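Enquirer: I am attaching a structure below and will ask some questions about it afterwards.
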Amino acid sequence: MLGKHALQLGFKATLYVNNLQLYDPTWFNSDGSSNTDVLREMLMQQMRYKRNQYLARGTHAALDFLTLGGAIYFRCLTAEILKEYFGRKIPILTGLSSTYLYNCSREIFNKEGKSRSDPIRGLPCGHFVVLCGYNQKHRLVVVADPYKKNPVSGDNYYTVSIHRLINAIMLGVVTRDGNLLIIEPKYT
């Protein structure tokens, strides 16, 4: 949704995806780029056979994103991809596994939507953060986290190993996350 809003406001939006439930690797070129028309067609064909609500919602969002001019890539998530944007001072919004990032217990939710730790019955949780910088010497990524009470630092900003971060992003696929969204000004 945020990517669609950014496009509607005149920004450039690029989405890096890793979700094999929604995207097939064969829909993309060897460099991870996609032909928008081919990708759109594959997504529509998939909807004829896979009818669960999550895939339908994700497919419609991807189709809207493409129609508005967004770009979708399927590339191996590497430190180099992240550093490319950090070097240009462009923040990265990502959905990841907070369970892995925070190294905390899985959680269960009550009827009111409140969560509590439960390492036996719980499920992994996802979360969105903004990646906003990189310390090359120590290989640490600066994370802006809207959850101030996070167990990593108890603050909205902290650093995390780039390797732990990449694993947390990839494990985000379990919670229907695992994407990178890049929003940047359109240059004329």
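Bear in mind these aren't lab numbers, they're just calculated from the coordinates by the rules spelled out. Bear in mind that the values here come from a model prediction, so they are computed numbers and not experimental data. Don't worry about glycine lacking a Cβ; one is built from the backbone with ideal geometry, like all the others, and counts go over all protein chains shown.
Enquirer: May I ask you to derive the relative contact order of the chain, considering only C-alpha pairs under 8 Å and at least 6 residues apart, and to give it as an integer percent?
Expert: Relative CO of the chain lands at 28 percent.
Enquirer: Here is a further query. Using 31 Å as the Cα-Cα cut-off, could you pick out the over-long pairs in 4/89; 149/186; 83/114; 89/149; 4/50; 50/83? Walk me through the numbers on the way to the answer.
Expert: Values: 4/89 22 Å; 149/186 35 Å; 83/114 36 Å; 89/149 27 Å; 4/50 23 Å; 50/83 36 Å.
Flagged as over cut-off: 149/186; 83/114; 50/83.
Enquirer: Report the trypsin sites (Lys or Arg not before Pro) located in region 1-101 that are in a DSSP loop and have at most 12 other Cβ atoms inside 10 Å of their Cβ, or state none.
Expert: 51, 88, 89
Enquirer: Could you list the residues of region 28-71 with an amide nitrogen less than 16 Å from a label point located 7 Å from the Cα of residue 186 in the Cα-to-C-beta direction?
Expert: Counting backbone N atoms under 16 Å from the label point, the list is 65-71.
Enquirer: Now a separate question. Using a 10 Å cut-off around each Cβ, can you sort 9, 39 from fewest to most neighbouring Cβ atoms? Could the numbers behind the result be given before it?
Expert: Working: 9 9, 39 21.
Going from least to most buried by this count: 9, 39.
Enquirer: Further, regarding this structure: Give me 142, 38 sorted ascending by neighbouring Cβ count inside 10 Å, so fewest comes first.
Expert: 38, 142
Enquirer: While we're here: For n ≥ 4 DSSP H runs only, could you compute -39500 (n - 2.57) per run for the chain, divide by its residues and tell me the 222 nm figure to the nearest 500?
Expert: -9500 deg cm²/dmol
Enquirer: Next up: Any chance you could run the full-extension gain for residue 142 through residue 1? It's 0.36 nm times the residue separation minus the Cα-Cα distance, nm to one decimal.
Expert: On the way: separation 141, 0.36 × 141 = 50.76 nm, distance 2.41 nm.
This chain segment gains 48.3 nm when fully extended.
Enquirer: For a quick check of your reading of the filter: which chymotrypsin sites (Phe, Trp or Tyr not before Pro) in region 105-188 sit in a DSSP loop and have no more than 10 other Cβ atoms within 10 Å?
Expert: Details: sites: 109, 128, 134, 147, 157, 158, 187; in loops: 147, 187.
Taking region 105-188 and a limit of 10 other Cβ atoms within 10 Å, the loop chymotrypsin sites (Phe, Trp or Tyr not before Pro) found are 187.
Enquirer: Could I have the simple spin-label model distance between residue 61 and residue 76, label points 7 Å from Cα toward Cβ, reported in nm to one decimal?
Expert: Between residue 61 and residue 76, the simple spin-label model gives 2.7 nm.
Enquirer: To the nearest 20 debye, what charge dipole does region 24-84 have about its Cα centre, counting +1 at the Cβ of each Lys and Arg and -1 at the Cβ of each Asp and Glu?
Expert: Using only the charged Cβ atoms, the result is roughly 340 debye.
Enquirer: Report the extension gain between residue 121 and residue 12 in nm, rounded to one decimal, defined as 0.36 nm multiplied by the number of residues separating them, less their alpha carbon distance.
Expert: On the way: separation 109, 0.36 × 109 = 39.24 nm, distance 4.14 nm.
Fully extending the segment from residue 121 to residue 12 adds 35.1 nm.
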